[in-house]
Amino acid sequence: MVPGVGTALDVYDAGVAINEHFSSPQVTANYQQGKAAEQRAVADLKAQGYEIHGQGVRVTDAAGNTRYPDIIATSPAGDLEAFEVKSGNARYARPQSTFDMNMETKGASSKLWDGVKTVGTKLLRY
């Protein structure tokens, strides 16, 4: 475990915006497919020896921008990592990749850890 890293305290679930009044069947199906892919990713990471700290945890970069990576985990080597899970035809959006690059080079903070730490982001496709 990385010193200063706890468990998810600040969880965001994009699914709160999914309901029958504002969602098409395709949007709901895509959301469900994405959540299933995230759960497969969590299982795969645990099987590889990762310690999962949270999903959808708010992370703020040095410039004050906020993002919610799909998974925050500690690798077997002790590195704190963020994971973005994509399924089907979902794209790794430019704002996501830009934030992730800044987070990796300049650091980020979250309620999971104290202060600014460099967190690498990995893209997982299911």
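The values are calculated or read from the model by the stated rules, or taken from the named source; none is laboratory data. None of the values given here were measured: they were computed from a predicted structure. Methodologically, a virtual Cβ is constructed for each residue, glycine included, from the backbone with ideal geometry; neighbour enumeration extends over all protein chains shown.
Residues of segment 42-53 that are out of contact with any Pro (no Cβ under 9 Å at 6 or more places or on another chain) and part of a strand (DSSP E or B): 52, 53.
Only residues that are surrounded by 14 or more Cβ atoms within 10 Å (Cβ to Cβ) and more than 12 Å from the chain's Cα centre (by Cα): list them for segment 81-94, please. Show your work before the answer.
Initial filter on segment 81-94 (surrounded by 14 or more Cβ atoms within 10 Å (Cβ to Cβ)): 81-87, 90.
87, 90 - these are the residues of segment 81-94 that are surrounded by 14 or more Cβ atoms within 10 Å (Cβ to Cβ) and more than 12 Å from the chain's Cα centre (by Cα).
Among the candidates 44, 79, 70, 100, the residue that is of a type in the set (D, E, K, R) and more than 30 Å from residue 26 (Cβ to Cβ) is uniquely 79.
When 73, 82, 77, 63 are screened for being among the hydrophobic types (A, V, I, L, M, F, W, C), touching a residue at least 12 places away in the same chain (Cβ under 8 Å) and assigned to a loop (DSSP other than H, G, I, E, B), only 63 passes. Across segment 54-66, not a single residue is classified as of a type in the set (D, E, K, R), surrounded by fewer than 15 Cβ atoms within 10 Å (Cβ to Cβ) and either under 20 Å from residue 121 (Cβ atoms) or modelled with pLDDT of 90 or more (or both). Would you confirm whether any residue within segment 29-41 is in a strand (DSSP E or B) and touching a strand residue (DSSP E or B) at 6+ places or on another chain (Cβ under 9 Å)? No, segment 29-41 contains no residue that is in a strand (DSSP E or B) and touching a strand residue (DSSP E or B) at 6+ places or on another chain (Cβ under 9 Å).
Scanning segment 109-121 for residues that are buried (at least 16 other Cβ atoms within 10 Å of the Cβ) and either assigned to a strand (DSSP E or B) or hydroxyl-bearing (Ser, Thr, Tyr) (or both) yields 109, 110, 113, 117, 121. Beta carbons closer than 6 Å, at least 6 apart along the sequence or on distinct chains, pair a first residue in segment 87-108 that is under 14 Å from residue 70 (Cβ atoms) and in a helix (DSSP H, G or I) with a second that is at pLDDT below 90 and among the hydroxyl-bearing types (Ser, Thr, Tyr) for 100/121.
Taken across segment 41-49, residues that are in contact (Cβ under 8 Å) with a residue 12 or more places away in the chain and touching a Gly at 6+ places or on another chain (Cβ under 7 Å) do not occur at all.
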